[in-house]
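A.B. asks: Please read through the structure below; I'll follow up with questions.
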Number of protein chains: 2
Amino acid sequence: MTRVGYQGEPGAFSEEAVVTLFAAGDAGAVEPVPCRTFRDVFDGVEQGTLAFGVVPLENSQGGSIAETYDLLLRESVSIVGEVVVRVDQALLGLEGSTLDGIRRVWSHPQALAQCEEFLARLGADVVPMYDTAGAAKRVAEEGRADQAAVAAERAAAVYGLQVLASRIQTHGDNQTRFAAIAATPTAPLGPPEKTSIVFGVRHVPGALVRALSTFAFRGLNLAKIESRPLGDRPWEYRFYVDVEAGMDDPLLADAVEELEREGRSITVLGSYPRWRWASEDAG
Amino acid sequence: MTRVGYQGEPGAFSEEAVVTLFAAGDAGAVEPVPCRTFRDVFDGVEQGTLAFGVVPLENSQGGSIAETYDLLLRESVSIVGEVVVRVDQALLGLEGSTLDGIRRVWSHPQALAQCEEFLARLGADVVPMYDTAGAAKRVAEEGRADQAAVAAERAAAVYGLQVLASRIQTHGDNQTRFAAIAATPTAPLGPPEKTSIVFGVRHVPGALVRALSTFAFRGLNLAKIESRPLGDRPWEYRFYVDVEAGMDDPLLADAVEELEREGRSITVLGSYPRWRWASEDAG
């Protein structure tokens, strides 16, 4: 069994990401391993107790998960794959509870934010927790009919809860993109088509425009750009870009080399196959 | 009295931002008004129950506050000033409690993240709450010697707590930048030196490089660039930039006009004086 770590409790969207990604590949039987924190997932991969980890990168509504981006800077870990999961949030309560009777709703802050309009109409107190499935577990354990959790419908089955409302997120098409990570140098989960790169920029924007031009000039498309503060130096940033090419593409290798020559701190986080929905396979 | 809204309870860093910004200006006597959510601050400014609002934009360690960036898209509200506050986190407990006896620590998730190394050594359970001062209030109300809050030292005085440890954040120089908002068209809090602009980009990066070049070509510096998902269209983004010039600068007016001519959706969020530390005034 290939042990693949994810943050959260059974029934979490991250667990679904593990199953979806590895069912699509040929890694053999997979054992999803729940971990308490993102850091625990990275530690497990680094120390070899996990073959892979699956961590969220960004949500189409909430934006990037800053903690993941910071942890990806660890030199001993690479991105080897990506997977996108549709995030349909549901309101889960005890068997026999009713929507009208709910006074308190637990969930992860990002899930609460995704369902803000629904929750505002419901008028219950919202209370943040570390993950959605953990909130469902808590509702089941506390056994109070006036409490509910925002979580995946599948968490209802895991914890014996009832679905009080489905697809309660404000934007119907809500998706989260996850990265599969492995200890370097593991082979990626398929032929490289996309590459994640991080670089520091001394002075925005002259330097940022030049760095981005290095890719644009070669016709290399960026799927995404994200800035994160350096932390120890207030108001300086590093930039993460996803380039739509593998590191085996001579144009991309050339662009990275040029940025290195210019004395920039630049790190390739990984080169991996692009996620395809099952419906795309036919095309 | 000028009523200025902020998110949080008395003793919050946001309250300090209100006092710091308006003490430096000449808006007369100021009444800081605590609000439950960021949205409540924006609503109050929009509806005229608040003359100004002060909301966090970014922390030098944790990064941007996504919710603020999304709320800034409201057409009836403008950025009219900025202020930077040093965020020294402290661990606050009941009078007579000791560091060794703390089993549970409450605070805002970003504050908990800022103090991750200290809290890992402490080995207590960490529990997220909506704000730091609210966590201090809760510790005081529950009256248990094994509970503590991560908050500003000034919150200890507000809620009658004891400082168990000071400056517990991982990066010593931790700062948060806040925006002052007002209903448009209010005059800014001084001569415009910095301008916040948001624009949509259809295809990254060609379009992003061209848009950034529009500023760079005119020698206009960007202090910051931030991306946020469009929400209703997965994996499309809008970009926020802070330009180091006022909208009264013909070069900036020209750059914005060029971007508009190219058919981009572009919005000027506000033009306002740059924040200066008191030590800079002498220079």
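The values are calculated or read from the model by the stated rules, or taken from the named source; none is laboratory data. Keep in mind it's a predicted model, so treat the numbers as computed, not measured. Don't worry about glycine lacking a Cβ; one is built from the backbone with ideal geometry, like all the others, and counts go over all protein chains shown.
A.B. asks: Quick one: how many residues across segment A:192-235 are more than 9 Å from chain B (Cβ to nearest Cβ) and over 25 Å from A:SER271 (Cβ atoms)?
C.D. replies: 1
A.B. asks: Any residue in segment B:57-74 that is outside the structural domain of B:GLN7 (by TED's automatic domain parsing), in a helix (DSSP H, G or I) and either within 16 Å of the chain's Cα centre (by Cα) or more than 23 Å from B:GLN175 (Cβ to Cβ) (or both)? If you could, list the steps in order and put the result at the bottom.
C.D. replies: Going through segment B:57-74, the residues outside the structural domain of B:GLN7 (by TED's automatic domain parsing) turn out to be none.
Checking segment B:57-74: not a single residue is outside the structural domain of B:GLN7 (by TED's automatic domain parsing), in a helix (DSSP H, G or I) and either within 16 Å of the chain's Cα centre (by Cα) or more than 23 Å from B:GLN175 (Cβ to Cβ) (or both).
A.B. asks: Take B:GLY101 and decide whether it is of a type outside the set (D, E, K, R) and either at pLDDT below 95 or surrounded by 24 or more Cβ atoms within 10 Å (Cβ to Cβ) (or both). If you could, list the steps in order and put the result at the bottom.
C.D. replies: On the way: of a type outside the set (D, E, K, R): yes; either at pLDDT below 95 or surrounded by 24 or more Cβ atoms within 10 Å (Cβ to Cβ) (or both): no.
When the stated conditions are applied, B:GLY101 does not pass them.
A.B. asks: Moving to a separate point now. Report whether or not B:VAL198 is farther than 20 Å from B:LEU112 by Cβ, in contact with a Ser or Thr (Cβ under 7 Å, 6 or more places away or on another chain) and in a helix (DSSP H, G or I). Steps first, please.
C.D. replies: Values: farther than 20 Å from B:LEU112 by Cβ: yes; in contact with a Ser or Thr (Cβ under 7 Å, 6 or more places away or on another chain): yes; in a helix (DSSP H, G or I): no.
No; evaluated as a whole, the condition is false for this residue.
A.B. asks: In segment A:158-194, which residues are hydrophobic (A, V, I, L, M, F, W, C) and out of contact with any strand residue (DSSP E or B) (no Cβ under 7 Å at 6 or more places or on another chain)? Give the steps one after another, and end with the answer.
C.D. replies: From segment A:158-194, those hydrophobic (A, V, I, L, M, F, W, C) are A:158, A:161, A:163-165, A:168, A:178-183, A:187, A:189; that's our starting set.
Matches in segment A:158-194: A:VAL158, A:ALA187.
A.B. asks: What is the one condition in (1) away from chain A (no Cβ under 14 Å); (2) surrounded by 20 or more Cβ atoms within 10 Å (Cβ to Cβ); (3) not aromatic (Phe, Trp, Tyr) that B:ALA255 does not satisfy?
C.D. replies: All conditions pass for B:ALA255, except number (1).
A.B. asks: Hey, another quick one. Of the numbered conditions (1) within 14 Å of chain B (Cβ to nearest Cβ); (2) within 26 Å of the chain's Cα centre (by Cα), A:VAL268 fails exactly one; give the number of that condition.
C.D. replies: Going through (1) within 14 Å of chain B (Cβ to nearest Cβ); (2) within 26 Å of the chain's Cα centre (by Cα) one by one, A:VAL268 breaks only (1).
A.B. asks: Being crowded, with 19+ Cβ neighbours inside 10 Å and assigned to a strand (DSSP E or B) is the filter here; which residues of segment A:75-88 pass it? Give the steps one after another, and end with the answer.
C.D. replies: Narrowing segment A:75-88 to residues crowded, with 19+ Cβ neighbours inside 10 Å: A:77-85, A:87.
A:VAL77, A:SER78, A:ILE79, A:VAL80, A:GLY81, A:GLU82, A:VAL83, A:VAL84, A:VAL85, listed by residue number.
A.B. asks: Is at least one residue of segment B:148-155 surrounded by fewer than 20 Cβ atoms within 10 Å (Cβ to Cβ), more than 14 Å from chain A (Cβ to nearest Cβ) and either more than 28 Å from A:TRP235 (Cβ to Cβ) or in contact (Cβ under 8 Å) with a residue 12 or more places away in the chain (or both)?
C.D. replies: From segment B:148-155, those surrounded by fewer than 20 Cβ atoms within 10 Å (Cβ to Cβ) are B:153-154; that's our starting set.
Filter once more, keeping what is more than 14 Å from chain A (Cβ to nearest Cβ): B:153-154.
Now drop any that are not either more than 28 Å from A:TRP235 (Cβ to Cβ) or in contact (Cβ under 8 Å) with a residue 12 or more places away in the chain (or both), which leaves B:153-154.
Looking for residues that are surrounded by fewer than 20 Cβ atoms within 10 Å (Cβ to Cβ), more than 14 Å from chain A (Cβ to nearest Cβ) and either more than 28 Å from A:TRP235 (Cβ to Cβ) or in contact (Cβ under 8 Å) with a residue 12 or more places away in the chain (or both), one finds at least one in segment B:148-155, hence yes.
A.B. asks: Next up: Might you let me know whether segment A:224-236 holds any residue that is in contact (Cβ under 8 Å) with a residue 40 or more places away in the chain and among the aromatic types (Phe, Trp, Tyr)?
C.D. replies: no
A.B. asks: Has segment A:10-26 got any residue that is hydrophobic (A, V, I, L, M, F, W, C), within 28 Å of B:GLU67 (Cα to Cα) and touching a Phe, Trp or Tyr at 6+ places or on another chain (Cβ under 7 Å)?
C.D. replies: As a first pass, look at segment A:10-26 and keep what is hydrophobic (A, V, I, L, M, F, W, C): A:12-13, A:17-19, A:21-24.
Within this subset, residues satisfying the condition of being within 28 Å of B:GLU67 (Cα to Cα) are A:12-13, A:17.
Narrowing the set further to residues that are touching a Phe, Trp or Tyr at 6+ places or on another chain (Cβ under 7 Å) leaves A:12, A:17.
Within segment A:10-26, one or more residues are hydrophobic (A, V, I, L, M, F, W, C), within 28 Å of B:GLU67 (Cα to Cα) and touching a Phe, Trp or Tyr at 6+ places or on another chain (Cβ under 7 Å).
A.B. asks: Filter segment B:157-201 down to the residues that are of a type in the set (Gly, Ala, Ser) and in contact with a Phe, Trp or Tyr (Cβ under 6 Å, 6 or more places away or on another chain) and list them by number. It would help to see each step written out before you state the result.
C.D. replies: Narrowing segment B:157-201 to residues of a type in the set (Gly, Ala, Ser): B:157, B:160, B:165-166, B:172, B:179-180, B:182-183, B:187, B:190, B:196, B:200.
Within segment B:157-201, B:ALA180, B:ALA182 meet the criteria.
A.B. asks: From the list A:LEU50, A:LEU21, A:LEU91, exactly one residue is part of a helix (DSSP H, G or I), touching a residue at least 24 places away in the same chain (Cβ under 8 Å), more than 25 Å from A:GLY231 (Cβ to Cβ) and away from chain B (no Cβ under 14 Å). Which is it? Give the derivation first.
C.D. replies: Working: A:LEU50 fails: part of a helix (DSSP H, G or I); A:LEU91 fails: part of a helix (DSSP H, G or I).
Just one listed residue meets the conditions, A:LEU21.
A.B. asks: While we're looking at this one, here's another question. Among the candidates A:ALA135, A:ALA113, which residue alone is under 23 Å from B:GLY134 (Cα atoms), within 10 Å of another protein chain (Cβ to nearest Cβ) and surrounded by 19 or more Cβ atoms within 10 Å (Cβ to Cβ)? Walk me through it before giving the result.
C.D. replies: Details: A:ALA135 fails: within 10 Å of another protein chain (Cβ to nearest Cβ).
Within the list A:ALA135, A:ALA113, the selection yields A:ALA113.
A.B. asks: Please find, among A:ALA66, A:ALA12, the residue that is within 17 Å of A:THR176 (Cβ to Cβ) and either within 14 Å of chain B (Cβ to nearest Cβ) or not hydrophobic (A, V, I, L, M, F, W, C) (or both). Lay out the reasoning, then the answer.
C.D. replies: Details: A:ALA12 fails: either within 14 Å of chain B (Cβ to nearest Cβ) or not hydrophobic (A, V, I, L, M, F, W, C) (or both).
The conditions single out A:ALA66.
A.B. asks: Determine if segment B:177-189 includes at least one residue that is in contact with a Ser or Thr (Cβ under 9 Å, 6 or more places away or on another chain) and farther than 24 Å from B:VAL18 by Cα. Steps first, please.
C.D. replies: Our first condition is that a residue be in contact with a Ser or Thr (Cβ under 9 Å, 6 or more places away or on another chain); within segment B:177-189, this holds for B:177-179, B:181-186, B:188.
Right, trim to farther than 24 Å from B:VAL18 by Cα and you get none.
Checked segment B:177-189: no residue is in contact with a Ser or Thr (Cβ under 9 Å, 6 or more places away or on another chain) and farther than 24 Å from B:VAL18 by Cα.
A.B. asks: Considering segment B:166-182 alone, what residues qualify as being surrounded by fewer than 23 Cβ atoms within 10 Å (Cβ to Cβ), within 14 Å of chain A (Cβ to nearest Cβ) and at pLDDT 90 or above?
C.D. replies: Answer for segment B:166-182, where residues must be surrounded by fewer than 23 Cβ atoms within 10 Å (Cβ to Cβ), within 14 Å of chain A (Cβ to nearest Cβ) and at pLDDT 90 or above: B:GLN169, B:GLN175, B:ARG177.
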